[in-house]
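Okay, so here's the structure we're looking at.
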Amino acid sequence: MKRKLIITLLTMALVAMAVTGCGKKGASSDNSSNESSDTSGKEEVKSLRFLDVVPSETRQTYYEGIFEKFQEETGIEVTYESVPWDDAANKITVLGSSGQLPDVMTTWSGWLGQYTVAGWVVPLDEYVTDIRGEYTDAVNNLLWKSEEERYGHVYTIPDGLMVKGVFVRKDWCEEAGIKLDPTQDWTYDDYFDLVAKLTDVSEKHYGTSYRGARGALDPLLVYMQGYTGGNTYDQQGKILINSEDCLNAFIKWTDVYKNGYAPEDSINWGFTEMVDNFTGGLTGTLINDSEVAATCQKNMSDDQWMVMPMPKSTVDGKIYNTINAPYSYSISGDSKSPDVAWKLVEFLSRSENSIEYCKLTGEIPIKKDVENDETYGLNGPYATFVQQLNDPDLAVPTTYGPFDYTDLHQGMFHEEIQKYLLGKEEAGTALTNITDELQSRMNDYMTKNPDATIETALKLQ
Amino acid sequence: MKKKWDKRKPGHHAEKSKMEPYFYILPVVLLLILTFGYPLLKSIIMAFQNYKLSNINDVYFNNFANFKKMFGDSDFLLLLKNSLIYVVISVTGQFVLGLILALTLKQKFRGRGLYQAIVFLPWAFSTFVVGLLFRWSFNGEYGVVNDLLIRAGIVDKGIAWLGTPGLSLVIIILAMIWLGIPFFGIMILAALQSIPEEVYEAADMDGCGLINKFFNITLPFIKPTVIITILLRTIWIFNSFDLVVIVTGGGPANYSQTLPSFMYTKAFSGYDFGLAGALGLMLMVILSIYAMVFLKISNYDKAGDF
Amino acid sequence: MKRSTKRKILNTVRILVLTFFFLLVVLPIYWMVITSFKTNPEIINAQKITYFPETFTLENYRSLFNMLDYGIFLKNSVTITFSTSVCIVLLSILSGYGLARFKFKGKSAVLLFFLITQMIPGILVIIPLYVVFSKAGLINTHFTLFLYYLITNLPFCAITMRSFFERIPYVLEEAAYMDGCSRFKSLRKVILPVMFPGIVAVFVFAFIGAWNELIAGTIFINTPDMWTIPVGLKSLIGKYSVQWGALMAGGVLTLLPTAVMFIFVQKYVVEGLTSGAVKG
């Protein structure tokens, strides 16, 4: 009996291995890489690999549909590859360092510093030259301009635009007798005031979704830049965000947590928890991208939420707001045939495709001819975001610097802030540790690139 | 003579060739050398190189710069402390609870088969799922643990388990213990069952007490199993980082970060493989020293040949 | 009085201990299962935590199958895990036998090497292997995971198998030789049947190790149609929301196959690890 079992087991294993298990290749991705290397990048390339870094049911369905259309038109087959957002950066690094990047990949702007240095993305200037006019001012004057300033070339084609706003619990405000008007300006002080008023711990109502973990410094940087004209460094490359004003801003921002206007747990919150806890009814405000509007629509009723523009700086009255294309398309350095890859990018960016995509993912259109689609009108869910784009006071602040800061973003930035929140460190020490590290990297960069111009905050109008 | 049988196994099979044992061992050893050898060498070399994945064209030897960076990290001592606390408490907890479980399971009772199947279930869990389950249950606002504590009147305000230094590491340790009890339980139970009944009967005749029997019969009998299980579990747990990454991500402010999770989140996400190699090398050195000392102290050579 | 009181106390302690372990295991599982049947608003409700679903829903399971190709993941996981485990069993029988029955030059070196492989942090193995795999054009094949799970689980399984062989008296084998059996025949006809529970034990060790692995799965595999269950589940942690309900449902479904297998074979595992000599 037992012997029989063993024999059956062995046979089954062999069969399983022979038939299915080992050596079976996934989809057509391998064919594509093999094929493209065989034909060494001539016109015969018949398949492409596409990597999505924020896979979801919606996105996968959209892309698979659009790839089918692309194949009908061009005969080129596209494989949809994806990696969960959490692991995306790691995965691309592994792919990149072993020369296995897919032809086209969706890229987050924060990664570009690393990717351009490593040659994982190729410049798209020559493709873009003739079609610039089709894209909105925001793309031309903000996105591409800043890429050119930072990296010397245009490297990405935006998938759509993302603008930040303050999501607010409309019903909580009404209960508390607070009147908010999205078309009226407001300042950071008004915002802090609102956060305090919405907090009612006995009801389990907290003022805001405080971001304590990875990315904790991002919104805080923008707030501090309200005191430095939107810049991180001055024209000599000296760091600006360590001033007295900025330290006070640092303290004021973190007081939201220290005063208990955010759940104690939020010291560990990243993007996901912030959104989850806002839509779940624990927190009253949330500073986040327009993309989140789709999540809110899905999980909340219309009378529960609204969007305010980002608060204005109390110093110069500007709205400092990061504007980027969250998962813009780039062509990888490993693509055997960038020309064919470009065909795909161009197809994806066609007005009718791009507007369909934007509506699906909650992004702002990038093409002039579909800019005024009614979804993005005054009564649509994106009114506040579009309105900010048209605000003469809008300015896009600079980033942490033109160098690779991924490791700091993964660690030091939020850890120093956390140490202060936990009372293990003074606010000044935390901020100084961060700014000293940034300054030393900036100095390194300046030594290596003496001719580099230092980026400054960009204005749309 | 030429044929060397294991001395403990009586009997010879003289005509077999000297090469025979290698026929059995070699496939596995070769496979492992091929697959582990290269990575091992590679990471040792990387430890002494400036090896950033983000800049793969700029690889050069930088002597001990990676080690300087590693030891120079202001949180290094904290990480080392966390790692030790994590591994010592997890292994001790698993061992003690696993031992108690095995001792109670040794005697037959009705429904033992089913009971055994249930209490050994955590072993079948994936770390990922357990990590999420604990993270969810210990959530400060939605967590069932806080709710239970408040209902029981033990606390009047929810505790931020995962947001408090010290506590967040405790949750990771709890999850690790929960996952690991069955492994110890099974190994020890098996060892217990292989103790011949006659030994206990003889002890009964001599009027030995329960505690006496435990220390003089049970423990010596299961010692080899316990030693090898503790050794392996320590190595595995020391190197494991998935629970840390899933439950807290090392937070807040590195207070639940261990050396391997630091290696994963910082060196890997920062793409600094030189640093990762240096950390890896140090982990291996620590583990080798531990293994040697542990085997020496426990006199394992006498119990079996390792 | 002495004896019976003592026994009574002992019994009470035993029952308490058994209950403790039972609750320790069952309560978290209970929480996972009922969460998987709750609606999302009920799950994320800080005001009120429910101990039984107010609205019982299968939506999480449905969305798991809709959102993800759970069936495909299941198939992938089963094929990889099954073929890995079987190969591990075969290879560890081979090496376990060699290590248990012979004395030879380099034996302790082999054992030491096995121990050292356990000390290498997994991530340091994955990256160089990735480079090798990609040069061989093997990325995004199940073979990569098959091989990785094979080598990471093999050393422990081989050592475990060795101790099973050591427990089987050599006389048993010798008797077979007397009857004119070749070594292979004696191994197959005499030893392996005695060792059946041990083989099951090793199979289960390998199976569980491979079934639950996540990191290599995310690195070596590119396309969703090739994902294993843990990688698929991980993708439920989106950028903007953790789908707790679906995650817990996924947890239940991941656990189910292993749990069922485990319930049936755990007695062999214990039996296998217990000396084979008892029956021999």
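Where helices (runs of 4 or more DSSP H) fall wholly inside the range A:324-420, the ranges with 2 or more residues that are over 20 Å from the mean Cα position of the chain (by Cα), within 27 Å of A:M310 (Cβ to Cβ) and outside the structural domain of A:Y115 (by TED's automatic domain parsing) are A:383-389.
Within the range A:97-129, the set of residues being modelled with pLDDT under 90 and either in contact with a Gly (Cβ under 7 Å, 6 or more places away or on another chain) or away from chain B (no Cβ under 14 Å) (or both) comprises A:S109, A:A118, A:G119.
Pick from A:E174, A:E147: which is within 26 Å of A:M306 (Cα to Cα) and either modelled with pLDDT of 90 or more or not aliphatic (A, V, I, L, M) (or both)? Step through it out loud before you land on a result.
On the way: A:E147 fails: within 26 Å of A:M306 (Cα to Cα).
Only one candidate qualifies: A:E174.
The residues of the range B:52-72 that are surrounded by 15 or more Cβ atoms within 10 Å (Cβ to Cβ) and within 10 Å of another protein chain (Cβ to nearest Cβ), listed by number, are B:K52, B:L53, B:S54, B:N55, B:I56. C:N66 meets the conditions (1) modelled with pLDDT under 85; (2) in a loop (DSSP other than H, G, I, E, B) in every case but one. The failed one is (2). In the set C:A175, C:A158, only one residue is out of contact with any Asp or Glu (no Cβ under 8 Å at 6 or more places or on another chain), assigned to a helix (DSSP H, G or I), surrounded by fewer than 19 Cβ atoms within 10 Å (Cβ to Cβ) and in contact (Cβ under 8 Å) with a residue 12 or more places away in the chain; that residue is C:A175.
Look at A:L421 and say whether it is crowded, with 20+ Cβ neighbours inside 10 Å and within 13 Å of chain B (Cβ to nearest Cβ). Talk me through it step by step, then tell me what you get.
Working: crowded, with 20+ Cβ neighbours inside 10 Å: yes; within 13 Å of chain B (Cβ to nearest Cβ): yes.
So A:L421 passes the test.
May I ask you to verify whether B:G158 is more than 7 Å from every other protein chain (Cβ to nearest Cβ) and over 25 Å from C:L247 (Cα atoms)?
Values: more than 7 Å from every other protein chain (Cβ to nearest Cβ): yes; over 25 Å from C:L247 (Cα atoms): no.
Criteria not met by B:G158.
Can we say C:G217 is farther than 20 Å from C:V33 by Cα, more than 7 Å from every other protein chain (Cβ to nearest Cβ) and surrounded by fewer than 23 Cβ atoms within 10 Å (Cβ to Cβ)? Here the answer is no, as C:G217 does not meet what is asked. Filtering C:F82, C:F102, C:F73 for residues that are more than 9 Å from chain B (Cβ to nearest Cβ), among the aromatic types (F, W, Y) and either buried (at least 24 other Cβ atoms within 10 Å of the Cβ) or farther than 17 Å from C:C157 by Cα (or both) leaves a single hit, C:F73.
Between a first residue in the range C:31-53 that is over 15 Å from B:L148 (Cα atoms) and touching a residue at least 40 places away in the same chain (Cβ under 8 Å) and a second residue that is of a type in the set (F, W, Y) and crowded, with 19+ Cβ neighbours inside 10 Å, which pairs have beta carbons less than 7 Å apart while being 6 or more apart in sequence or on different chains? Going by the 7 Å Cβ cut-off, the qualifying pairs are C:T35/C:W244; C:I43/C:W244; C:I44/B:Y142. Does A:E126 qualify as being in contact with an Asp or Glu (Cβ under 7 Å, 6 or more places away or on another chain) and either touching a residue at least 40 places away in the same chain (Cβ under 8 Å) or among the charged types (D, E, K, R) (or both)? The answer is no for A:E126. Of the residues making up the range B:24-42, those that are closer than 30 Å to B:V59 by Cβ and either facing another protein chain (nearest Cβ under 7 Å) or buried (at least 16 other Cβ atoms within 10 Å of the Cβ) (or both) are B:L31, B:L32, B:T35, B:F36, B:Y38, B:P39, B:L40, B:K42. The residues of the range A:298-316 that are in contact (Cβ under 8 Å) with a residue 24 or more places away in the chain and either farther than 22 Å from A:N390 by Cβ or in a strand (DSSP E or B) (or both), listed by number, are A:D303, A:Q304, A:W305, A:M306, A:V307, A:M308, A:K312, A:T314, A:V315. Could you grab me the full set of residues in the range A:426-441 that are without any contact (Cβ under 8 Å) to a residue 12 or more places away in the chain and either crowded, with 18+ Cβ neighbours inside 10 Å or not assigned by TED's automatic domain parsing to the domain that holds A:T254 (or both)? If the condition is that a residue be without any contact (Cβ under 8 Å) to a residue 12 or more places away in the chain and either crowded, with 18+ Cβ neighbours inside 10 Å or not assigned by TED's automatic domain parsing to the domain that holds A:T254 (or both), then no residue fits. For A:D334, the conditions (1) buried (at least 20 other Cβ atoms within 10 Å of the Cβ); (2) more than 14 Å from chain C (Cβ to nearest Cβ); (3) charged (D, E, K, R) are fulfilled apart from (2). So which of A:G212, A:G230 is closer than 19 Å to B:T164 by Cα and in contact (Cβ under 8 Å) with a residue 60 or more places away in the chain? Of the residues listed, the single one that is closer than 19 Å to B:T164 by Cα and in contact (Cβ under 8 Å) with a residue 60 or more places away in the chain is A:G212. Among the residues making up the range B:100-118, those that are hydrophobic (A, V, I, L, M, F, W, C) and surrounded by fewer than 21 Cβ atoms within 10 Å (Cβ to Cβ) are B:I100, B:L103, B:F109, B:L114, B:A117, B:I118.
Inclusion of C:V78 among residues that are without any contact (Cβ under 8 Å) to a residue 60 or more places away in the chain and of a type in the set (V, I, T) is not warranted. Pairs are defined by a Cβ separation below 6 Å, a sequence spacing of at least 6 or placement on different chains, a first member in the range A:188-201 that is under 10 Å from A:T283 (Cα atoms), and a second member that is surrounded by fewer than 22 Cβ atoms within 10 Å (Cβ to Cβ) and not acidic (D, E); the pairs so defined are A:V195/A:V256.
The values are calculated or read from the model by the stated rules, or taken from the named source; none is laboratory data. A quick note: this is a predicted structure, and the numbers were derived from the prediction, not measured. Positions of Cβ are generated from backbone atoms using ideal geometry, with glycine treated the same way; all protein chains shown enter the neighbour counts.
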